[in-house]
Amino acid sequence: MLRWIIVIFLALMLISWFSPMLQKLGLGKLPGDLRFRLFGREWFVPLTTTILLSLLAGGIARLI
């Protein structure tokens, strides 16, 4: 269980770092992706994008 939490956390961090490139592809603006301002800073939580990319990575892993 702890391993999956770490994997999800790392995936969220990577997606946040690559969000400008992913937005050009249309990812990061899906219905389940959250953007909000808190304490004067904009926060981005890409839930739907993370699930979509995880399914894609899982499908590729099964093929290999």
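Tally time: how many residues in segment 24-64 are in contact with a Gly (Cβ under 7 Å, 6 or more places away or on another chain) and either among the hydrophobic types (A, V, I, L, M, F, W, C) or over 18 Å from Leu10 (Cβ atoms) (or both)?
Of the residues in that region, 1 qualify.
Six or more apart or on different chains, Cβ atoms under 7 Å: show the pairs whose first residue is in segment 4-17 and without any contact (Cβ under 8 Å) to a residue 60 or more places away in the chain and acidic (Asp, Glu) and whose second is exposed (fewer than 14 other Cβ atoms within 10 Å of the Cβ) and not in a helix (DSSP H, G or I).
Partner pairs satisfying both residue conditions: none exist.
Consider segment 1-31. How many of its residues are in a loop (DSSP other than H, G, I, E, B) and either of a type in the set (A, V, I, L, M, F, W, C) or open to solvent by less than 80 Å² (accessible area, probe 1.4 Å) (or both)?
Residues in segment 1-31 being in a loop (DSSP other than H, G, I, E, B) and either of a type in the set (A, V, I, L, M, F, W, C) or open to solvent by less than 80 Å² (accessible area, probe 1.4 Å) (or both): 7 in total.
Which count do you get for residues in segment 37-49 that are of a type outside the set (A, V, I, L, M, F, W, C) and either touching a residue at least 12 places away in the same chain (Cβ under 8 Å) or assigned to a helix (DSSP H, G or I) (or both)?
Counting residues in segment 37-49 that are of a type outside the set (A, V, I, L, M, F, W, C) and either touching a residue at least 12 places away in the same chain (Cβ under 8 Å) or assigned to a helix (DSSP H, G or I) (or both) gives 3.
Being touching a strand residue (DSSP E or B) at 6+ places or on another chain (Cβ under 8 Å), in contact (Cβ under 8 Å) with a residue 12 or more places away in the chain and open to solvent by 70 Å² or more (accessible area, probe 1.4 Å) narrows it down to one residue among Leu52, Leu34; which is it?
The match here is Leu34.
The values are calculated or read from the model by the stated rules, or taken from the named source; none is laboratory data. For clarity, every value in this text was computed on a predicted model and none was experimentally measured. Note: ideal-geometry Cβ built from the backbone for every residue, glycine included; neighbour counts use all protein chains shown. Keep in mind that these areas ignore ligands, DNA and RNA; they rest on the heavy atoms of the full protein, side chains included. Shrake-Rupley method; radii C 1.70, N 1.55, O 1.52, S 1.80 Å.
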